[in-house]
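The next block holds one structure in the form of structure tokens; read it before the comments.
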Amino acid sequence: MPNICLPKINREKVLDALKKGELSIEKLYALSDAQRRQLLERYTGKENASFVNAKFEQAMLSNQKKAFAKWIENTIKDPAQKK
């Protein structure tokens with residue numbers, strides 16, 4: 001993915017929506033890919049919604065990988081190794 005910067009006006013709209021509670025991590029996380037892009041279009045415009053959504057999905061996957069690794073570490077490891 002090319003290195004793209006979100007224009008300042010769009011960053012401010014997203015930040016304002018987060019502050020007002022119109023957007024939240026929980027709300028975005030619960031939406032499908034298409035629903036999330038549609039919602040983000042309100043704040044970023046159609047041309048930037050896919051980019052912002054892709055970055056959000058990268059963050060979601062990163063957290064999932066960490067959560068799975070921690071689950072494996074805490075659940076699957078041999079109890080003798082936990083000492």
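The number of residues in the stretch 8-46 that are over 16 Å from M60 (Cα atoms) and either at pLDDT below 90 or of a type in the set (V, I, T) (or both) comes to 3. Scanning the stretch 29-49 for residues that are in a helix (DSSP H, G or I), under 17 Å from P7 (Cα atoms) and more than 13 Å from the chain's Cα centre (by Cα) returns E41, R42, Y43, T44, K46, E47, N48. So which residues in the stretch 25-59 are open to solvent by less than 70 Å² (accessible area, probe 1.4 Å) and aliphatic (A, V, I, L, M), if there are any at all? L28, L31, A34, L39, L40, A49, V52, A54, A59 - these are the residues of the stretch 25-59 that are open to solvent by less than 70 Å² (accessible area, probe 1.4 Å) and aliphatic (A, V, I, L, M).
The values are calculated or read from the model by the stated rules, or taken from the named source; none is laboratory data. Not measured: the values here are computed from a predicted model. Surface areas here come from the heavy atoms of the whole protein model, side chains and all, with no ligands, DNA or RNA. Shrake-Rupley method; radii C 1.70, N 1.55, O 1.52, S 1.80 Å.
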